[in-house]
Amino acid sequence: MEILDSFYDLKPQNDLFHPRKLRLPERGSFSICGARATGKSALILDWLKDRPQESWLYIDAQDPVFALEDIDVTMLEEYLSREKIRTLVMDHWFEGFLDRLPKVEELILVSRTFPVDMPLPRYELFPLDYEEFLGFDRGHSPTQTFNRFLKLGTLPSVSRTTPPSALLKLRELFYEKYDDQESRLLLILGRFQGRRATTHQIYTAAREYFRISKDWTYRTIRRFEEEKILYFIPESQGTGRKLILYDFLLSRYLNKRQPFPVTFDAMVALALIKHGFPFYTLKNLGYRLQTGEEIILPAPFESEEQFWKRAQHHYGTFKNSGARHVTVVSVSNRFRFRIGMIDFEALPFYEWSILNE
């Protein structure tokens with residue numbers, strides 16, 4: 001009861017919260033999941049702020065007290081009833097934290113992955129998309145904002161900093177959110193950003209630097225994929241998969257020698273993921289949407305003349321894929337032309353990303 005009293009008396013707040021596009025229900029139970037550092041806790045604390053403080057209880061399942069103490073569900077229910085608590089939030093929830101879910105009017109579970117076999121409405125939070133970043137970073141020209149986006153990435157707490165301190169904040173998050181073994185594996189994953197990769201290849205690369213077990217590596221990569229810390233994008237034809245980490249600034253932090261085109265390619269892929277477009281990789285020619293006849297091709301710096309030559313060279317591949325439109329996503333270039341039956345159009349990332357909301 002003393003532990004529950006301490007949580008009841010502590011009403012956490014987030015004074016730096018900025019609105020997100022994800023809309024949670026005003027009433028009722030639900031679960032929200034998302035990868036580490038995507039802003040789940042901040043979103044829930046904002047959701048709670050207009051409710052009477054005596055009506056809710058916030059429990060952090062990662063609080064150090066739970067390393068030594070357990071919560072008895074029956075006692076928790078007695079406490080909720082005694083204090084007339086209508087809303088129970090359990091942040092950093094994980095399977096096995098309680099023997100069963102407590103009975104309460106509103107139950108909110110916040111976790112990295114959705115609870116298994118749990119009949120609660122589900123909501124998923126991703127890192128910032130570009131439109132959300134605009135809400136964080138007003139008052140600059142489109143070009144200035146895009147340059148800041150490149151330097152600040154998509155994790156909310158990093159995006160609220162200034163570019164000189166962004167990497168320091170990212171380093172802080174990196175060591176806060178990942179244990180030593182996970183950190184070592186992420187260093188290797190950073191080297192595979194934008195490349196075809198199998199779990200065996202990742203394990204083989206990791207064991208050259210660290211003492212690491214095969215079972216743990218396979219299990220952790222599978223968990224990272226479930227948590228959407230990383231994505232394996234399947235090839236349009238073939239069995240290969242391209243690896244993309246969930247924040248392009250994190251991958252640059254992990255791999256200082258990562259070329260900018262690799263970073264830019266990841267930005268485009270992550271925008272497609274956040275906007276809900278199922279897609280495949282098309283060799284080294286961007287991404288083919290599963291629905292429709294469109295290819296999205298990252299080309300940060302190519303001029304119209306340069307891309308015309310590439311389009312001519314790869315026209316057969318574009319045509320055989322069924323494409324009728326190729327969108328060329330650039331840093332700042334705009335152009336449009338047609339070859340045969342295929343339209344080619346180039347747009348800056350900051351325009352393309354907003355158009356595809």
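For region 338-354, the criterion of being more than 26 Å from residue 130 (Cα to Cα), buried (at least 16 other Cβ atoms within 10 Å of the Cβ), in contact with a helix residue (DSSP H, G or I) (Cβ under 8 Å, 6 or more places away or on another chain) and at pLDDT 95 or above is satisfied by at least one residue.
The listed residues are 189, 173, 168, and the only one of them that is crowded, with 16+ Cβ neighbours inside 10 Å and modelled with pLDDT under 95 turns out to be 173.
When the residues of region 64-87 are filtered to those that are in contact with a Ser or Thr (Cβ under 9 Å, 6 or more places away or on another chain) and within 30 Å of residue 155 (Cβ to Cβ), the one that is least open to solvent (accessible area, probe 1.4 Å) is 87.
The numbered conditions (1) modelled with pLDDT of 95 or more; (2) open to solvent by 10 Å² or more (accessible area, probe 1.4 Å) are all true for residue 44 except (2). Look at region 334-357: where a residue is within 15 Å of residue 295 (Cβ to Cβ) and a partner is part of a strand (DSSP E or B) and open to solvent by 60 Å² or more (accessible area, probe 1.4 Å), sitting 6+ places away or on another chain with Cβ atoms under 9 Å, you get 343/336; 344/336; 344/338; 345/336; 346/336.
If the requirement is being closer than 29 Å to residue 280 by Cβ and assigned to a helix (DSSP H, G or I), which of these qualifies: 181, 193, 201?
On the way: 181 fails: closer than 29 Å to residue 280 by Cβ; 193 fails: assigned to a helix (DSSP H, G or I).
On inspection, the qualifying residue turns out to be 201.
Test of understanding: among 32, 44, 3, which residue is farther than 30 Å from residue 152 by Cβ and among the β-branched types (Val, Ile, Thr)? Full working, then the answer.
Numbers: 32 fails: farther than 30 Å from residue 152 by Cβ; 44 fails: farther than 30 Å from residue 152 by Cβ.
Going through 32, 44, 3 in turn, the sole match is 3.
Within region 120-133, is there a residue that is free of Cβ contacts under 8 Å to residues at least 24 places away in the same chain and surrounded by fewer than 19 Cβ atoms within 10 Å (Cβ to Cβ)? Spell out the reasoning first.
From region 120-133, those free of Cβ contacts under 8 Å to residues at least 24 places away in the same chain are none; that's our starting set.
No, region 120-133 contains no residue that is free of Cβ contacts under 8 Å to residues at least 24 places away in the same chain and surrounded by fewer than 19 Cβ atoms within 10 Å (Cβ to Cβ).
The residues of region 93-128 that are in contact with a Lys or Arg (Cβ under 8 Å, 6 or more places away or on another chain) and farther than 23 Å from residue 223 by Cα, listed by number, are 104, 105, 106.
Does residue 127 qualify as being within 15 Å of the chain's Cα centre (by Cα) and part of a loop (DSSP other than H, G, I, E, B)? Yes; evaluated as a whole, the condition is true for this residue. Scanning region 295-332 for residues that are open to solvent by 50 Å² or more (accessible area, probe 1.4 Å) and within 23 Å of residue 271 (Cα to Cα) gives 301, 324, 332.
When residue 228 is tested against (1) out of contact with any helix residue (DSSP H, G or I) (no Cβ under 8 Å at 6 or more places or on another chain); (2) more than 28 Å from residue 155 (Cβ to Cβ); (3) surrounded by 15 or more Cβ atoms within 10 Å (Cβ to Cβ), just one condition goes unmet, and that condition is (2). The residue list 36, 20 contains one member that is at pLDDT below 95, open to solvent by less than 30 Å² (accessible area, probe 1.4 Å) and either within 29 Å of residue 230 (Cα to Cα) or not small (Gly, Ala, Ser) (or both), which is 20.
Starting from region 210-227, keep only residues that are touching a residue at least 40 places away in the same chain (Cβ under 8 Å), then list their pairs with residues that are among the basic types (Lys, Arg) and assigned to a loop (DSSP other than H, G, I, E, B) whose Cβ atoms are within a distance under 6 Å, requiring at least 6 positions of separation or different chains. Every condition considered, the pairs that remain are 227/112.
Could you check region 21-111 for strands (runs of 3 or more DSSP E) lying wholly inside it with 1 or more residues that are within 20 Å of residue 3 (Cβ to Cβ)? Can you show your working first?
Details: elements: 30-33, 56-60, 87-91, 106-111.
In region 21-111, the matching strands (runs of 3 or more DSSP E) lie at 56-60, 87-91, 106-111.
With respect to the conditions (1) under 18 Å from residue 234 (Cα atoms); (2) open to solvent by 50 Å² or more (accessible area, probe 1.4 Å), residue 285 falls short on a single one, namely (2). Checking each residue in region 263-297 for being of a type in the set (Val, Ile, Thr) and part of a loop (DSSP other than H, G, I, E, B) picks out only 291.
The values are calculated or read from the model by the stated rules, or taken from the named source; none is laboratory data. Predicted model only: the values in this text are computed from it and were never measured. Glycine also receives a Cβ, built like all others from the backbone with ideal geometry; neighbour counts cover every protein chain displayed. Heavy atoms of the whole protein, side chains included, go into the accessibility calculation; ligands, DNA and RNA do not. Shrake-Rupley method; radii C 1.70, N 1.55, O 1.52, S 1.80 Å.
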